[in-house]
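The values are calculated or read from the model by the stated rules, or taken from the named source; none is laboratory data. Since we're looking at a predicted model, the values are computed, not measured. Note: ideal-geometry Cβ built from the backbone for every residue, glycine included; neighbour counts use all protein chains shown. Accessible surface areas use protein heavy atoms only, side chains included; no ligands, DNA or RNA. Shrake-Rupley method; radii C 1.70, N 1.55, O 1.52, S 1.80 Å.
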Amino acid sequence: MYIQQIYTGCLAQAAYYIESQGEAAIIDPLRDIQVYLDIATQRKASIKYIFETHFHADFVSGHIDLVKKTGAKVIFGPKAEAGYDIVVAEEGQKFSLGNNKIQVIHTPGHTLESSSFLALDENNKPEALFSGDTLFVGEVGRVDLAAKHYLSVDELASMLYDSIEKLKKLPDEVILYPGHGPGSACGKNIGKETTSTIGEQKKKNYALQPMTREVFVKTMITGLEAPPKYFFMDAVVNRNGYDDDVDSVVTKGVNSLSVEEFKKEMAKGTIVLDTRDAENFAKEHIPGSINIGLNGQYAIWAGSIFDNVPFILVCDDKREKDSVLRLARVGYEKVAGFLEGGFNAWKSNGQKTQSIGSVTATEFVNNFTKKDKVIDVRNESEWEKGVVKTAMTIPLAKLQDQLSSLDKKASYYLCCQGGYRSMIAASILQSNGFENVTSIQGGMGAIAQTGIALQIPETV
């Protein structure tokens with residue numbers, strides 16, 4: 001069996017192309033499906049099945065458009081109910097793919113219909129497990145996303161306990177292909193690798209260690225951070241279906257706007273999203289714009305900070321399509337256009353600009369005074385390694401909700417782990433009238449190397 005992982009770093013998401021004897025299947029495809037079609041064409045194979053491990057909350061799946069292009073059948077596990085034609089498989093059911101078979105293992109917990117797919121060789125020997133959001137490298141799926149719709153968090157966690165016990169019975173040599181890697185909000189603390197083996201996870205994954213059901217449930221429901229705003233919207237879209245293909249959405253969004261047209265959109269209150277990197281944004285940008293760079297987890301943070309609202313974009317040259325596409329992957333389709341000529345067009349037209357302070361970790365340590373305030377916008381799990389003394393701890397996704405508690409006249413330093421999120425935070429503050437904001441380059445990774453004293457916040 002030929003297996004290819006198609007990993008999309010900005011979403012920390014893994015889709016899979018699997019093939020045997022000219023018959024192919026796609027597991028958990030993204031909305032931009034051309035990559036899967038191209039692989040099948042290159043390998044002279046036909047796509048027979050589309051396997052969905054569950055109704056995804058973190059991206060809009062491409063299964064519906066793949067059906068239109070290929071006629072393939074969409075396979076979900078037990079308990080799945082959709083607003084379009086699907087095959088609801090039974091526990092243990094096998095689907096032939098060339099000389100191989102794909103066996104359904106119902107693994108509820110992350111959602112009620114969550115299932116894993118076990119690839120069997122021509123001798124029915126287990127070869128690889130596509131575990132979706134049930135089992136990750138070093139982690140398991142969170143159990144709160146479906147709680148409002150089905151059961152309580154405790155009940156879903158108990159189901160996950162049974163599912164993990166089921167997967168632990170697989171041979172150690174079975175290769176593990178999970179649905180996500182580090183940075184995904186579908187698990188609390190997913191490991192950096194994107195593949196492993198069942199045996200390796202039995203040794204190193206805390207959730208696969210011997211423990212009672214009660215201890216497992218308590219562990220699963222402790223330390224859960226709020227999911228991004230777009231998660232529940234995407235789950236509904238994936239369950240009910242959608243009409244517009246991603247190409248139509250991108251074509252509509254890649255709409256060039258002159259400076260004057262751009263200003264008219266701004267006057268309507270449309271959010272200006274600047275997708276350049278933090279360094280260029282800091283030097284100069286359009287007043288009121290928010291920086292979420294394409295060089296990081298752009299779509300995840302756009303969906304974590306904003307509701308599904310209209311955007312207008314400021315992009316580097318030839319990055320307009322990518323900026324629109326990545327938003328469409330998470331179901332954000334209300335892009336009104338992009339600034340033709342980018343920021344340079346705005347500046348050469350004589351329009352007002354702003355800048356944001358940006359300092360190195362060493363400069364911060366040398367110049368920081370008691371009058372200055374520090375806001376650490378990392379997630380709670382990251383604070384365990386220490387924060388700057390006296391720092392305020394506000395996760396980036398919650399920053400806008402806590403602006404009223406901050407002093408607009410104060411001077412703020414913003415830090416995260418590497419500098420990406422701190423510039424997002426600084427731009428949010430500045431766009432809301434905070435004049436003295438500075439982002440720390442390199443974040444806590446660089447600050448820790450200066451030797452400055454750190455502390456563990458009481459909230460951890």
So, in Å, what gap is there between the alpha-carbon centers of region 90-112 and region 323-342?
36
Using protein chains only and a probe of 1.4 angstrom, how many square angstrom of residue 3 are accessible, to the nearest 10?
40
For region 251-362: relative contact order, % (alpha-carbon pairs under 8 angstrom, 6 or more apart)
38
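For the chain, with all protein chains present and a 1.4 Å probe, just round the carbon and sulfur fraction of the accessible area to a whole percent.
47
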Proximal charge balance of residue 449 [Cβ under 14 Å; K/R count +1, D/E count -1]:
0
I'd like the distance between the alpha-carbon centres of region 1-77 and region 161-187, rounded to an integer number of Å.
19
For residue 160, what is the net charge nearby, where nearby means another residue's Cβ is under 12 Å from its Cβ and Lys, Arg count +1, Asp, Glu -1?
-4
Value of [θ]222 nm, deg cm²/dmol, for the chain, DSSP H segments ≥ 4, -39500 (n - 2.57) each, nearest 500:
-8000 deg cm²/dmol
Mind grabbing the accessible area of residue 393 for me, 1.4 Å probe, Å², rounded to tens?
40
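Over 32 Å between Cα atoms, which of 68/229; 69/263; 229/408; 204/373; 229/385 qualify?
Those over the limit are 69/263; 204/373.
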Sort 413, 420 by accessible area with a 1.4 Å probe, largest first.
420, 413
If you take every DSSP beta bridge fully contained in the chain, what fraction is antiparallel? Give it as a percent rounded to 5.
50
Remind me, relative contact order of region 13-146 in percent, using alpha carbon pairs under 8 angstrom and six or more residues apart?
18
So what does residue 307 come to for accessible area, using a 1.4 Å probe and Å² rounded to 10?
90
For region 130-200, the Debye formula with one identical point scatterer on each Cα and no solvent gives log10 I(q)/I(0) at q = 0.20, 0.24 Å⁻¹ as -0.82, -1.07
Report the Rg/Rh value for the chain, based on alpha-carbon coordinates and the Kirkwood definition of Rh.
0.99
Quick one: ranking 58, 154 by accessible area, 1.4 Å probe, largest first, what do you get?
154, 58
